[in-house]
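Note sheet for the following structure.
The values are calculated or read from the model by the stated rules, or taken from the named source; none is laboratory data. The model shown is predicted, which means the values in this text are computed figures rather than measured ones. Virtual Cβ from ideal backbone geometry, glycine too; neighbours counted across all protein chains shown. The protein model used for the area step is the full one, side chains on, heavy atoms only, and it has no ligands, DNA or RNA in it. Shrake-Rupley method; radii C 1.70, N 1.55, O 1.52, S 1.80 Å.
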Amino acid sequence: MARLARTEGLSEVQQEILAAVHTFVEKEIIPVANELEHADEYPAEIVKGMAEMGLFGLMIPEEHGGIGESLLTYALVVEEIARGWMSVSGILNTHFIVAYMIKQHGTDEQQAYFLPRMAEGTVRAAFSMSEPALGSDVAAIKTKAVRDGEDYLITGQKMWLTNGGTSSLVALLARTDEGHDAPHKNMTTFLIEKEPGFGEVRPGLTVPGKIAKMGYKGVDTTELVLDNVRVPADRVLGGTTGRGFAHMMDGVEVGRVNVAARACGIALRAFELGIAYAQQRSTFGKPIAQHQAIQFKLAEMAVKVEAAHQMMVRAARVKDAGQRNDLEAGMAKYLAAEYCKEVVEDSFRIHGGYGYSKEYEIERLYREAPMLLIGEGTAEIQKMIVGRRLLEEYKLKG
């Protein structure tokens, strides 16, 4: 096992899961990732393999057909998968945010109905909070749900749904009139079932098509247009309206650990590629790894890989302990994403002109890393969260 990004204190089961995932990544993901990514092709066979391994049920309780593992195990699996190809980890991420929200906040009926099929991977989920006119300003959402008898009619437009086309379940945040002055108390999460695919996938619900992106290809990222979509009241997450903001923020904390894990995986892969290339490429009569300037760069990259990994592990363990982890998750997401960008760029520089060629894996990583700077909240948002929490923790007495 490599020296970097080790995690102390793992159980035998956790080690076995990670060893199996590592083998899967080496044999089934890395060899085909570049080809599929350049073609923007959905990794159907990889997804099928993950379902057979039970990865879609990794954090779902055993009583609902899952493996019942911790957030830490999940984060380490994501780190390993992102090391192979970040888009594949994205397919798992939104699915697990929704599964986590249903497990934590869903009614008994919702858990019994959704979780077993989500554990199998026969139902895969998308997470829908953002809208075209807003990003991190969640309180300003315009998508609205109006009560109509035993149902709600939902109208609006959503943006940036990972798995928007391939999913058959969407956890969607909408405004409901709860009569509160505080905007965040007038929000509700709805569990909306739909057909996988594009076009009209349910009466009034349209998935226009895939959004063309610089990187993060293969996985489908979409808009969602709703025009009086009728949703039964029993599909309100938890059965009570007005709690959607809290539900979504709880899910986002899990998502931020996930993004940190993805950043750790990409950074580790970039380091591996850089240190291997530095030993193969020679200039001025010796491998470039023997030049002090390159050794300094490799040392800096390794420190960043290790620091980001340990901070990500800490954030996951705090959440697993049942504690509030917005401080740790915000720190981990911020640091890991920034370090990932820097490590990838340094590896790109080590590759020289070849790094610009699509024949080399680092070219793909160079396009993938920027998404992590904005996914689940920008660096500026993370710093706001961290700053506010620090003021709470270190508030002066008296």
* Asked: Hey, got a sec? Which chymotrypsin sites (Phe, Trp or Tyr not before Pro) in region 222-324 land in a DSSP loop and have at most 10 other Cβ atoms within 10 Å?
  -> Phe284
* Taking the chain as the reference, fit the longest principal axis to its C-alpha atoms, fit the long axis of helix 12-24 to the helix C-alpha atoms, and give the angle between the two in degrees, 0 to 90, nearest 10. => 70
* Asked: Rounded, prolate or oblate: which fits region 1-103 when a ≥ b ≥ c are the square roots of the eigenvalues of the alpha-carbon gyration tensor, with rounded for a/c under 1.5 and prolate only if a/b beats b/c?
  -> oblate
* Asked: For the residue pair Ala39 and Glu178, what label-to-label distance in nm results when each label sits 7 Å from Cα along the Cα-to-beta-carbon direction?
  -> 4.7
* Pull out the extension gain between Ala212 and Arg367, defined as 0.36 nm times the separation in residues minus the alpha carbon to alpha carbon distance; nm, one decimal. => 54.5 nm
* Asked: Given the pairs Lys185/Lys210; Lys319/Lys383; Lys103/Lys383; Lys333/Lys383; Lys158/Lys210; Lys27/Lys333, which span a C-alpha to C-alpha distance of over 22 angstrom in this model?
  -> Lys185/Lys210; Lys103/Lys383; Lys27/Lys333
* To do: Over the chain, calculate the relative contact order: mean separation of alpha carbon pairs under 8 Å at least 6 apart, over the residue count, as a percent.
  => 16
* Structure-based [θ]222 nm, the chain - -39500 (n - 2.57) summed over DSSP H runs of at least 4, per residue, nearest 500 -> -17000 deg cm²/dmol
* Structure fact -> Largest fluctuation, Ala82, Ala337, Ala133 only, Gaussian network model of the chain with Cα springs under 10 angstrom, belongs to Ala133
* Residues of region 231-258 with amide N under 14 Å of the 7 Å Cα→Cβ point at Asp148 -> 231-233
* Accessible area per residue, Å², region 279-362 with all protein chains present, probe 1.4 Å -> 53
* To do: Take the Cβ-Cβ distance between Asp137 and Gln290 as r, set R0 to 56 Å, and report the resulting FRET efficiency rounded to the nearest 0.05.
  => 0.65
* To do: Return one whole number: the accessible area per residue of region 119-185 in Å², for a 1.4 Å probe.
  => 44
* Using Cα atoms only, what is the angle between the long axis of helix 292-320 and the major principal axis of the chain, expressed in degrees (0 to 90) to the nearest 10? -> 30
* Structure fact -> Helix 108-120: inclination vs the chain longest Cα principal axis, degrees, rounded to 10, gives 30
* Going through region 66-159, which GluC sites (Glu not before Pro) have at most 11 other Cβ atoms within 10 Å and a DSSP loop state? -> Glu150
* **At most 14 other Cβ within 10 Å, DSSP loop - GluC sites (Glu not before Pro), region 356-398** => Glu359
* Structure fact -> With 0.36 nm assigned to each residue of separation and the Cα-Cα distance removed, Arg349 to Thr23 gains 114.5 nm
* Over the chain, with every protein chain in place, what whole percent of the accessible area is carbon and sulfur at 1.4 Å, could you tell me? => 52
* Would you work out the charge dipole size for the chain about its Cα centre, treating the Cβ of every Lys and Arg as +1 and the Cβ of every Asp and Glu as -1, and quote it to the nearest 20 debye? => 1080
* Asked: Using θ = phi - 60° and the Karplus curve 6.51 cos²θ - 1.76 cosθ + 1.60, what whole-Hz ³J(HN,Hα) does each residue of region 268-285 get, with Gly and Pro shown as x?
  -> 4, 5, 4, 4, 4, 5, x, 6, 5, 5, 5, 8, 9, 8, 10, 9, 6, x
